[in-house]
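The structure under discussion appears below in the form of structure tokens.
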Amino acid sequence: MYDLLIVNGSVVSPTGTESLDVAVNGETIVAVGARGSLGADAQKVIDADDCLVIPGGIDPHVHYAMNFEHILTTEGPPYSFAAALGGNTSVIDFAFQEPPQGLLEAIAVRKQEFEGQMAIDYSFHAILTKGFSYDVVEEIGQAIREGVPTHKVMMTYGYMSDDGQMWGMMNEVAEHGGMSVVHAEDDAIARWLTGKYIREGKTHGAYICEVRGPIVEEAAIRRAMFLAERSGSPLYVLHMAAGSGVEALAEGRAKGLPFYGETLSAYLSFTQEEIWDDSPIEVNGTTYDARGRLYNNYPTPKFPPDRDTCWDALADGRLQVVATDHALVSLKDRFETMSTTIDNMQAGQAAVELRIPLLYDQGVNRGRFSVNRWVELISTNPAKIMGMWPRKGQIAEGSDADIVVFDPNKSWTVRWQDLHMSTQYNLWDGWELTGKVRDTVLRGSVLVENEEFIGSKTSGRFVPRTLLPEVISGDFAFTSEAVAEPVHG
């Protein structure tokens, strides 16, 4: 007898879609076979008829309970059950190392904050901030050995580090089998343009997309690529929005370099056009004629051609992952602590619950890429690039039983009141989507059943990661076909 059987579904992988049943014992997938071949003897049977069965989603870029330049994101680990309702079974958050704290201490503290608080599995990137020391750099090797192989620097904002520090980090990361991660915006160009626009009286929040425009991203990406190539470090560029930045990264990949990039749900959905919206929004009794400022993020959304490039790059392989940068900031902080003008422009978004259905609706249903590519972008590629494969990111014997049943025919309207993230707004409010997560299984335990959360909100575990040799070398390749017809009728 199996503990769990998932039957009658279409199992989707990057290489194909087949009518298969999946058997689980304990926390592990123990058998995958043709429909009906595994019998029906199980403690629990999930009928996935007319549904897609996919590996649990992995969002490699989230921020729970992040304190960033005096802004505390209002959503902590207890709200991670919302990610499961959106089909995610793993996320990667960040451990901030801020002087005088050491790197290993920062990771240990973050682990302690998450332990027993997460509904789904999790790991961390380490962020080395500000004027980090030689001592901090020398801790990188031990952090990698303990399962945190991805190390980030900021190239702008108050936590930024200079090129010398980035060079030092990249060399150490390369020596110990890790990967460098960057928030790529050129601080000097952004500051110059911001000052210029303020001098000219152009302070409307939508101008943030121009003062932190494509040149700001591309310049930083090219600097990071140069240092990564010379140091021998793999490179992962977070939250890419600029088409020219995507092209720059593709140049490096064309040379066989181990460079990878993600874009965000928000950048595939919104551009500067939405930020111009001056319709009113009320916050704590005060009305602001600035609803459109909610669409901002950092890096900033760009322009329609940039959005088009991001979509094209997901289909043809120039970009490998879709993440969210989930960082939920309250309306109060967005409009009272931050601002609506370019000198202190607000940001932050709630997206982790919507990432998977949004990409299905806007990607697969619109014929931009196949259902197999969709699975690659939301699960398989994050697992491989981030060192969770083969434990995560596939439906195969021996892998964790992280499984999602997705109804490709379910039509629904996004309403922030129906979501489970801790905010009273959502950027996609009112969007009509086709395709929705029905069931989510984490390591054999059913967390979501028929769109209702029924599982434990504290069973998530830390996942130590080790990078694959082909990711380090740059031999990582895609396996899916790019374009296909919509799955739903």
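In segment 27-38, how many residues are open to solvent by less than 40 Å² (accessible area, probe 1.4 Å) and within 29 Å of the chain's Cα centre (by Cα)?
1
Cβ-Cβ under 8 Å, sequence separation 6+ or interchain: first residue in segment 300-317 and without any contact (Cβ under 8 Å) to a residue 40 or more places away in the chain and of a type in the set (Gly, Ala, Ser), partner assigned to a helix (DSSP H, G or I) and crowded, with 20+ Cβ neighbours inside 10 Å. Which pairs?
none
Which condition number in (1) outside any strand (DSSP E or B); (2) open to solvent by 10 Å² or more (accessible area, probe 1.4 Å) is the one that Val352 fails?
(2) is the only condition that Val352 fails.
If Glu172 meets every condition in (1) within 22 Å of Cys209 (Cα to Cα); (2) assigned to a helix (DSSP H, G or I); (3) open to solvent by less than 50 Å² (accessible area, probe 1.4 Å); (4) of a type in the set (D, E, K, R) apart from one, which number is that one?
Every condition holds for Glu172 apart from (1).
Limited to segment 216-230, what total is found for residues that are touching a Leu at 6+ places or on another chain (Cβ under 6 Å) and among the basic types (Lys, Arg)?
Summing the residues that are touching a Leu at 6+ places or on another chain (Cβ under 6 Å) and among the basic types (Lys, Arg) in segment 216-230 gives 0.
For segment 147-159, what are the residues that are within 21 Å of the chain's Cα centre (by Cα), in a loop (DSSP other than H, G, I, E, B) and within 18 Å of Thr300 (Cα to Cα)?
Met155, Thr156, Tyr157, Tyr159 - these are the residues of segment 147-159 that are within 21 Å of the chain's Cα centre (by Cα), in a loop (DSSP other than H, G, I, E, B) and within 18 Å of Thr300 (Cα to Cα).
Which is without any contact (Cβ under 8 Å) to a residue 40 or more places away in the chain and open to solvent by 10 Å² or more (accessible area, probe 1.4 Å), of Gln101, Gln117, Gln97?
Gln101 is the lone residue from the list that is without any contact (Cβ under 8 Å) to a residue 40 or more places away in the chain and open to solvent by 10 Å² or more (accessible area, probe 1.4 Å).
Take the conditions within 24 Å of Val181 (Cβ to Cβ), touching a His at 6+ places or on another chain (Cβ under 7 Å) and at pLDDT 95 or above and apply them to Ile92. Does it pass?
Against the criterion (within 24 Å of Val181 (Cβ to Cβ), touching a His at 6+ places or on another chain (Cβ under 7 Å) and at pLDDT 95 or above), Ile92 qualifies.
Residue check: is Phe462 within 26 Å of His63 (Cβ to Cβ), touching a Cys at 6+ places or on another chain (Cβ under 9 Å) and at pLDDT 95 or above?
Taking the combined requirement at face value, the residue does not satisfy it.
Filter segment 330-341 for residues that are under 19 Å from Pro299 (Cβ atoms) and open to solvent by 10 Å² or more (accessible area, probe 1.4 Å) and give the result.
Correct list: Met338, Ser339, Thr340, Thr341.
For the list (1) touching a helix residue (DSSP H, G or I) at 6+ places or on another chain (Cβ under 9 Å); (2) outside any strand (DSSP E or B), I need the number of the one condition that Lys332 fails.
(1)
Inside segment 200-318, counting only helices (runs of 4 or more DSSP H) that do not spill past its ends, which hold 2 or more residues that are under 24 Å from Leu433 (Cβ atoms)?
265-269, 272-275, 304-316
Yes or no: Phe132 within 17 Å of the chain's Cα centre (by Cα) and either open to solvent by 60 Å² or more (accessible area, probe 1.4 Å) or among the hydrophobic types (A, V, I, L, M, F, W, C) (or both)?
No: the conditions fail for Phe132.
So for segment 90-99 (the condition being assigned to a helix (DSSP H, G or I) and in contact with a strand residue (DSSP E or B) (Cβ under 8 Å, 6 or more places away or on another chain)), does at least one residue qualify?
no
Among all residue pairs at least 6 apart or on different chains, which show Cβ distances below 7 Å where the first residue, located in segment 161-177, is modelled with pLDDT under 95 and the second is β-branched (Val, Ile, Thr)?
From residues that are modelled with pLDDT under 95, the pairs are Ser161/Thr129; Ser161/Val153.
For residues in segment 431-454 being touching a Ser or Thr at 6+ places or on another chain (Cβ under 6 Å) and surrounded by fewer than 19 Cβ atoms within 10 Å (Cβ to Cβ), which is nearest to Ile395 (Cα to Cα)?
Residue satisfying both the conditions and the ranking: Thr434.
The values are calculated or read from the model by the stated rules, or taken from the named source; none is laboratory data. The structure presented is a predicted model; accordingly, all values stated were derived computationally and were not measured. With ideal geometry, Cβ positions are generated from the backbone for all residues, glycine too; neighbour counts draw on all protein chains shown. We work out accessible area using only protein heavy atoms, side chains counted, and drop any ligands, DNA or RNA first. Shrake-Rupley method; radii C 1.70, N 1.55, O 1.52, S 1.80 Å.
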